[in-house]
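Reviewing the structure listed below.
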Amino acid sequence: MGFQARFLTENDYDNILCGWWSDWRWTPPSKDFLPDNGNGGVIVSKDGTDICAGYLYFTNSKAVWVEFVVSNINYKDKDRKQAIMFLVDTLTEYAKLNGAKYAYVSLKSQPLINKFIECGFQQGSVGCTELIKTL
């Protein structure tokens, strides 16, 4: 496969991720809504091309929340699916190594849901509405 994973850096948000979210017609989350870079965000690349990224929110329980998975819309290679699954596996393995027992994710995209299921996630509720309140 040849995929590499690294923690996100401070510059990745502005230089990579905001562009990817915009390409998918999704409003980028506020930077201060995301976990601190360096311990919760991972980006996957191959041969110097960044392919996909995602975040982990650690809690005070044995659960982590996987969120804001996004990919490079211009990456068209046949191993795109495997890259995203590599990201999911990397995030969940990192969570497990840091004491997590459960990983939770809330998704809308059926192709992305299918990839998470292939990585061992079980489907829970469907048709839910996410609500956020700025305090």
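Just need a number here: residues in the stretch 105-135 that are over 20 Å from Trp26 (Cβ atoms), in contact (Cβ under 8 Å) with a residue 12 or more places away in the chain and part of a helix (DSSP H, G or I).
1
Going residue by residue through the stretch 40-57, is there one that turns out to be over 22 Å from Phe86 (Cα atoms) and not charged (D, E, K, R)?
No: the stretch 40-57 contains no residue that is over 22 Å from Phe86 (Cα atoms) and not charged (D, E, K, R).
Restricting to the stretch 6-19, count the residues that are surrounded by 13 or more Cβ atoms within 10 Å (Cβ to Cβ) and more than 12 Å from the chain's Cα centre (by Cα). Write out each step before concluding.
Narrowing the stretch 6-19 to residues surrounded by 13 or more Cβ atoms within 10 Å (Cβ to Cβ): 6-9, 12-13, 16-19.
Filter again for more than 12 Å from the chain's Cα centre (by Cα), leaving 6, 9, 12-13, 16, 18-19.
The qualifying residues number 7.
Can you report the number of residues in the stretch 39-91 which are part of a loop (DSSP other than H, G, I, E, B), over 12 Å from Ala5 (Cα atoms) and of a type in the set (Gly, Ala, Ser)?
Number satisfying all stated conditions: 2.
Tell me which residues, restricted to the stretch 89-104, are in contact (Cβ under 8 Å) with a residue 24 or more places away in the chain and either among the acidic types (Asp, Glu) or within 13 Å of Cys52 (Cβ to Cβ) (or both).
Asp89, Thr90, Leu91
If Tyr55 meets every condition in (1) within 15 Å of Glu93 (Cα to Cα); (2) modelled with pLDDT under 95 apart from one, which number is that one?
The single condition Tyr55 does not satisfy is (2).
Scan Asp23, Asp79 and give me the residue that is under 23 Å from Asn114 (Cβ atoms) and either in contact (Cβ under 8 Å) with a residue 60 or more places away in the chain or in contact with an Asp or Glu (Cβ under 7 Å, 6 or more places away or on another chain) (or both).
Of the residues listed, the single one that is under 23 Å from Asn114 (Cβ atoms) and either in contact (Cβ under 8 Å) with a residue 60 or more places away in the chain or in contact with an Asp or Glu (Cβ under 7 Å, 6 or more places away or on another chain) (or both) is Asp79.
Taking the condition surrounded by 11 or more Cβ atoms within 10 Å (Cβ to Cβ), under 25 Å from Glu10 (Cα atoms) and not basic (Lys, Arg), does Leu34 pass? Reasoning before the result, please.
Values: surrounded by 11 or more Cβ atoms within 10 Å (Cβ to Cβ): yes; under 25 Å from Glu10 (Cα atoms): yes; not basic (Lys, Arg): yes.
When the stated conditions are applied, Leu34 passes them.
Of everything in the stretch 1-38 that's among the hydrophobic types (A, V, I, L, M, F, W, C) and part of a loop (DSSP other than H, G, I, E, B), which residue is modelled with the lowest pLDDT?
Taking the candidates together, the pick is Met1.
Test each condition in (1) of a type outside the set (Val, Ile, Thr); (2) closer than 20 Å to Thr9 by Cβ; (3) modelled with pLDDT of 95 or more for Lys81 and report the one that comes out false.
The number of the failed condition is (2).
Among the numbered criteria (1) of a type outside the set (D, E, K, R); (2) touching a helix residue (DSSP H, G or I) at 6+ places or on another chain (Cβ under 7 Å); (3) touching a residue at least 60 places away in the same chain (Cβ under 8 Å), which single criterion is violated by Phe86?
Just one mismatch for Phe86, condition (2).
The values are calculated or read from the model by the stated rules, or taken from the named source; none is laboratory data. Quick caveat: nothing in here was measured; it's all calculated off a predicted structure. Backbone-built Cβ (ideal geometry, glycine too); neighbour counts: all protein chains shown.
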